[in-house]
Amino acid sequence: MAGLPQHLDIHLIRILYLLLVEKNVSRVALKLNQPQPSISASLRKLRELTGDPLLVRGARGMVPTQHGESLLKPAKRILDETESLFIKKSAFVPEEAARTFHIAAPDYLDTRFLPNVVAAVRRGSPNSRVAIHGMGAGADYLRMLSDGEMDLVIANWDEPPAHLHISKLFEDPIVCTMRADSPYAKRTGVDAMTIEDYLGLPHVAPSQTLPGYHGVIDAFLARQGMQRRIAVESPYFGLIPYMLTQTDLVLTTGRQFMRSYEKTLPLKTFSMPLKFPPMRFYQLWHQRVHQSPEHKWLRDQVSQAARALVSD
């Protein structure tokens, strides 16, 4: 702490943050309702304190230096944490609350699960909103949780990410499904599929999005020194069962996921000839919301929806 300058006030850090974001002294002066010379003086002081120009002239105005860029996240963190010191804590009353819950989830969950979560939140907190986010390729859910952009992530992993709080929701045994009147399905019993058959059949698989569903199947096969023949990849998991009805494709997925489709589509489900571990679904959240009453309430709604799914 000895290296900290005396009388360093939070307002100066706010000016630093805004200068790095806006890259313009005049705009920062307008935002803070201060005269421009005052912001220019603060910039001079910040340069003196950091020993760096922080902002320099670029082709289209000012641009942060490399060191300036590196100060953006720490400055925001200090401002966020300072703000949290003075927020008055009030009790969370679900029936009266009006907040937005952000949940990230893939689309290969049991078709009843997320609708049940949404229904539970609507019943318990009718003034709140629910924003469900997909988990597309490159989604940095770890950052979104730590930055507060996301409240919960629901998905499955071989090895759940470290440094996050986690609770297991349910397991789903893995099966193989295809069109019931395909030549292979007509001549083969549900427990008679061989490993050679399984690897040789044309597979449809979800496009790789994150270390999750697609990775679990192929990672397991790779550990056994095996590889299946993927003929089609699709980012739209909910459409894959319908693709099966018009093709020779087979789908490896969770037993629970297929149950509702089997009631309406002409499909046949086979036991796996390999001992795949079941898909394990979790909810993940960050330490920053671990003690928050509203987040605890949300996690309870998700847990209850999972328990109802398992006991159904």
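Here are the numbers for the structure shown:
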| read-out | value |
| --- | --- |
| Residues of the chain: accessible area per residue with a 1.4 Å probe, Å² | 55 Å² |
| Within the chain, longest stretch free of exposed trypsin sites (Lys or Arg not before Pro) [DSSP loop, at most 10 other beta carbons within 10 Å] | 90-274 |
| Relative contact order, percent, the chain [alpha-carbon distance under 8 Å, six or more residues apart] | 21 percent |
| Label-point separation, THR264 to ARG47 (7 Å along Cα→Cβ), nm | 6.6 nm |
| Percent of beta bridges antiparallel (DSSP, segment 175-312, rounded to nearest 5) | 55 percent |
| Farthest toward positive dipole pole in the chain [+1 Lys/Arg, -1 Asp/Glu at C-beta], among GLY238, MET178, MET135 | MET135 |
| Size of electric dipole in the chain: Cβ of Lys, Arg +1 and of Asp, Glu -1, about Cα centre, debye, nearest 20 | 620 debye |
| Gain on full stretching of the segment that runs from LEU274 to LEU199 - 0.36 nm per residue minus C-alpha separation | 25.9 nm |
| Full-extension gain in nm, ALA98 to LEU32, via 0.36 nm per residue minus C-alpha separation | 20.8 nm |
| Sparse-neighbourhood loop sites, chymotrypsin sites (Phe, Trp or Tyr not before Pro) in segment 78-111 - DSSP loop, at most 16 other Cβ within 10 angstrom | PHE86, PHE92 |
| Percentage relative contact order, segment 153-299, counting C-alpha pairs under 8 Å, at least six apart | 47 percent |
| Within the chain, helix-based [θ] at 222 nm, where runs of 4 or more DSSP H residues each add -39,500 (n - 2.57), nearest 500 | -12000 deg cm²/dmol |
| Total charge dipole magnitude, segment 1-84, about the Cα centre, Cβ charges on Lys, Arg, Asp, Glu only, Debye to nearest 20 | 340 debye |
| Subset of LYS275/LYS296; LYS268/LYS296; LYS168/LYS275; LYS76/LYS168; LYS23/LYS296; LYS31/LYS296 violating a 29 Å alpha-carbon distance limit | LYS275/LYS296; LYS268/LYS296; LYS76/LYS168; LYS23/LYS296; LYS31/LYS296 |
| With at most 12 other Cβ atoms within 10 Å, longest stretch of the chain clear of loop GluC sites (Glu not before Pro) (DSSP) | 97-312 |
| Given charges at Cβ of Lys, Arg, Asp, Glu: segment 182-312 dipole, positive-most of GLN283, ALA222, MET258 | GLN283 |
| Share of carbon and sulfur in the accessible heavy-atom surface of the chain [1.4 Å probe, %] | 54 percent |
| Gaussian network model of the chain, Cα within-10 Å springs - most flexible of VAL302, VAL289, VAL28 | VAL28 |
| Angle in degrees between helix 255-264 and the longest Cα principal axis of the chain, rounded to the nearest 10 | 60 degrees |
| Length-normalised contact order of segment 28-135 in % [C-alpha pairs under 8 Å, at least 6 apart] | 20 percent |
| Gained length - TYR184 relative to VAL232, 0.36 nm times residue gap less alpha-carbon distance | 15.4 nm |
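The values are calculated or read from the model by the stated rules, or taken from the named source; none is laboratory data. Keep in mind the model is a prediction, meaning the values are calculated, not measured. Note that we place each Cβ from the backbone using ideal geometry, even for glycine, and neighbour counts take in every protein chain shown. Side chains included, ligands, DNA and RNA excluded: accessible areas come from the protein's heavy atoms. Shrake-Rupley method; radii C 1.70, N 1.55, O 1.52, S 1.80 Å.
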